[in-house]
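The structure appears right after this line, and notes come after that.
The values are calculated or read from the model by the stated rules, or taken from the named source; none is laboratory data. Since we're looking at a predicted model, the values are computed, not measured. Neighbour counts are summed over all protein chains in view; Cβ atoms, including those assigned to glycine, are modelled from backbone coordinates with ideal geometry. Surface accessibility is based on the protein's heavy atoms, side chains included, excluding ligands, DNA and RNA. Shrake-Rupley method; radii C 1.70, N 1.55, O 1.52, S 1.80 Å.
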Amino acid sequence: MVKRMSKTARREAIEGFIFIMPWALGYLLFRLGPLLASLYLSVTNYDGSSTPQYVGLDNYQYLFAQDPRFVDSLRSTFQFVAGFLPLSLVIGLAIAVLMNQKVRGIMMFRGLYYLPSVTTGVAVALLWSFVFNKQFGILNAILDFFGIEKVGWLVDEDWVMVSFVLMALWGVGGTMIVYLAGLQAIPTELGESATIDGANSAQRFFYITLPMLTPTIFFNLVTGLIGAFQVFENAYIMTGGGPNYHTYFFGLNIYFTAFRTLQFGYASTIAWILFVIIASLTIFVMTTSRRWVYYASEK
Amino acid sequence: MSVTHRTADAPAIARAKAVHRHAGMKTLRRIQVGFTYVTLLIGAIALMVPFFWMVSTSLKTLDEVQSWPIVWIPSKLMWTNYIDVFDKIPFARYISNSVVLAAGGIVGSLFSASVVGFGFARLRFPGRNFLFFVMLTTLMLPTWVVIVPHFMMFNAIGWLDTFLPIIVPAFFGNAFFIFLFRQYFMGIPRELEDAARIDGCNTYQIFSQIFLPMSKPIIATVAIFAFFYYWNDLLYPLVYLQSQLNFPISLGMRMFQTAHWGDTDYPRLMATAIMSLLPCVVLFFSFQRLYIQGVVITGVEK
């Protein structure tokens, strides 16, 4: 009996490995392998055609001590993350709470709010570059209506990050829909019994809804963090990193360094720094999550 | 006397209070609903402004685009802008390239995610939880840290300027899609599987004849996600493709934009953008429910 059990178990294990094989191969070939390769490249000079030249920590030293573009990337990226992420988390939640009510036509609103987050890419970046156009853009026309002077949304160093945050917030529907799902998973009995106990709606929100929603907030925080650090397309299409490197995000820096100036070694150095930043922030958020994320169904 | 009086009236007072509270609740509810509508409406209008601007611009003449105060609605709708696009750029070619990329990406994603998802959800093997965790950690691995080695690898095997570097990796699984399938498969009752085994089905048959036919919602969800991804992606085509005839629409639009740098042909550019977004918008509205369901699975169950 025991022998037969172990035989079926072994068979199942072998089948299991066969089924996950595509991913396992892909992991070695397209994830772990390249990750280690780029770690190696990050300590070399390599132009793509000759053999990589080992230079020790020179690249890292140059990056931290001398490269002005690294500072630009650091500033642009962190400014964007700091501007976009908190707003997206708060506004997304506020809209989701409104959307969670059972009123007529709410499905249509959900669709409309969600739509911008499925239209992405070059088309949308082009669209926004004309919305933000200083001379003929619709945004300045609306401001003009209220007597406000033209703003150089994409050409003014002080405004360009505001524009990127605004544009990113246009896609807040993506965050909203996840919150909405989280809200709908909260059992209604909790709110009802709290009402009987005399809790008002603000109390219900802060003492029931919000704690029950922490796993969803956590999810939005982590995915938002990872996504916001990797912006590329919009800056590539709309500003090319300008004005004066004020939107020279890490993605842009790595792309230009690797594929324009063909410094594959140094591009890998920058990429590894980005990876370390994302990984450490994600791990940091995950470790603190034990303190503030509440799982109702904790086993 | 007073006691009897009070007892007699008590139910009436309670009733009156209840009616009063009910009326109060009703007004409150009305205010709340009104507030919801007004806020949502203002937000919706704000969100639709860019779309309005895109459509309006695409129907203008070059002169109307470059005028201040701006022209909200063009005096004459220039539908020919949409036709001109086909002459100005190889638009049909771009679209067909995008279709090939998206189709390849969808097939590859569905194959790998369903198979691997089944493995993680339904088969027990040593190290399963650890490997699943490893898979999830790849979600935070930035594309940027692997793109140079990817480029070198595909260059070495002579795949540059083909669709292979974009489509082939799809067959090796994407952590997000695998996660979706795994969550879905975990929800299918084990009794079904046991019954099938008793009837003599092997694992492969259980997967293909029981699980897959039951998985239409998740198949559709992943297919839509994959479509959006491969249809819109700029970075990989930008890195891997060189000849213009191989460009998908994302890269083609970028070419169109830079070809007239400084004096951008916004009307035709917007016409191109609208036509390239149209499949996404149509897909979204026809499968809204499914699509949102997919987001729900990822967001809530993690």
**Request:** Just one of (1) farther than 19 Å from B:P50 by Cβ; (2) among the hydroxyl-bearing types (S, T, Y); (3) not in a helix (DSSP H, G or I) trips up B:T264, so point out which.
**Result:** (1)
**Unmet requirement for B:I70, which otherwise passes all of (1) under 21 Å from B:N174 (Cα atoms); (2) more than 22 Å from the chain's Cα centre (by Cα)** = (1)
**Complete:** Filter the range A:1-31 for residues that are open to solvent by less than 70 Å² (accessible area, probe 1.4 Å) and more than 30 Å from A:W272 (Cα to Cα); the one that is modelled with the highest pLDDT is A:F19
**Message:** Given the condition open to solvent by 40 Å² or more (accessible area, probe 1.4 Å), within 11 Å of chain A (Cβ to nearest Cβ), within 18 Å of the chain's Cα centre (by Cα) and not hydrophobic (A, V, I, L, M, F, W, C), answer yes or no: does some residue in the range B:172-187 qualify?
**Reply:** yes
**Prompt:** Any residue at all in the range A:129-141 that is among the charged types (D, E, K, R) and under 21 Å from A:L87 (Cβ atoms)?
**Reply:** no
**Asked** Which residues, taken from the range B:139-167, are touching a Phe, Trp or Tyr at 6+ places or on another chain (Cβ under 8 Å), over 22 Å from A:Q230 (Cβ atoms) and part of a helix (DSSP H, G or I)?
**Response** B:L164
**Complete:** Inside the range A:115-135, the number of residues satisfying the requirement of being at the interface with chain B (Cβ under 7 Å from one of its Cβ atoms), of a type outside the set (S, T, N, Q) and in contact with a helix residue (DSSP H, G or I) (Cβ under 6 Å, 6 or more places away or on another chain) is 10
**Item:** Enumeration of residues in the range B:266-282 that are within 20 Å of the chain's Cα centre (by Cα) and either at pLDDT below 85 or within 8 Å of chain A (Cβ to nearest Cβ) (or both)
**Value:** B:A273, B:I274, B:S276, B:L277, B:C280, B:V281
**Request:** Working only within the range B:28-47, note down all residues that are closer than 22 Å to B:I73 by Cα and open to solvent by less than 50 Å² (accessible area, probe 1.4 Å).
**Result:** B:G43, B:A44, B:L47
**Prompt:** Filter the range B:234-265 for residues that are out of contact with any Leu (no Cβ under 8 Å at 6 or more places or on another chain) and within 11 Å of another protein chain (Cβ to nearest Cβ); which is surrounded by the most Cβ atoms within 10 Å (Cβ to Cβ)?
**Reply:** B:I249
**Item:** Neighbours by Cβ (under 6 Å, 6+ apart or cross-chain): first from the range A:7-29, more than 8 Å from every other protein chain (Cβ to nearest Cβ); second open to solvent by less than 40 Å² (accessible area, probe 1.4 Å) and in a helix (DSSP H, G or I)
**Value:** none
**Prompt:** Can you pull out the residues in the range B:41-67 that are of a type in the set (V, I, T) and part of a helix (DSSP H, G or I)?
**Reply:** B:I42, B:I45, B:V49, B:V55, B:T57, B:V65
**Prompt:** How about the range B:70-138: which helices (runs of 4 or more DSSP H) wholly inside it have at least 3 residues that are of a type in the set (A, V, I, L, M) and over 26 Å from A:G16 (Cβ atoms)?
**Reply:** B:91-122
**Complete:** Scanning the range B:59-88 for residues that are over 19 Å from B:V49 (Cα atoms) and of a type in the set (A, V, I, L, M), the one least open to solvent (accessible area, probe 1.4 Å) turns out to be B:V85
**Message:** With the requirement that a residue be in a helix (DSSP H, G or I), among the acidic types (D, E) and open to solvent by less than 80 Å² (accessible area, probe 1.4 Å), what does the range A:57-99 give you?
**Reply:** A:D72
**Asked** Just wondering, is there one or more residues in the range A:176-196 that are touching a helix residue (DSSP H, G or I) at 6+ places or on another chain (Cβ under 6 Å) and under 30 Å from A:H246 (Cα atoms)?
**Response** yes
**Asked** Counting residues that are open to solvent by 10 Å² or more (accessible area, probe 1.4 Å), under 21 Å from A:A168 (Cβ atoms) and not aliphatic (A, V, I, L, M), which helices (runs of 4 or more DSSP H) fully inside the range A:199-267 reach at least 1?
**Response** A:210-228, A:233-238, A:250-259
**Message:** Condition check: open to solvent by 30 Å² or more (accessible area, probe 1.4 Å) and either in contact with a Phe, Trp or Tyr (Cβ under 9 Å, 6 or more places away or on another chain) or facing chain A (nearest Cβ under 10 Å) (or both). Does B:L123 satisfy that?
**Reply:** no
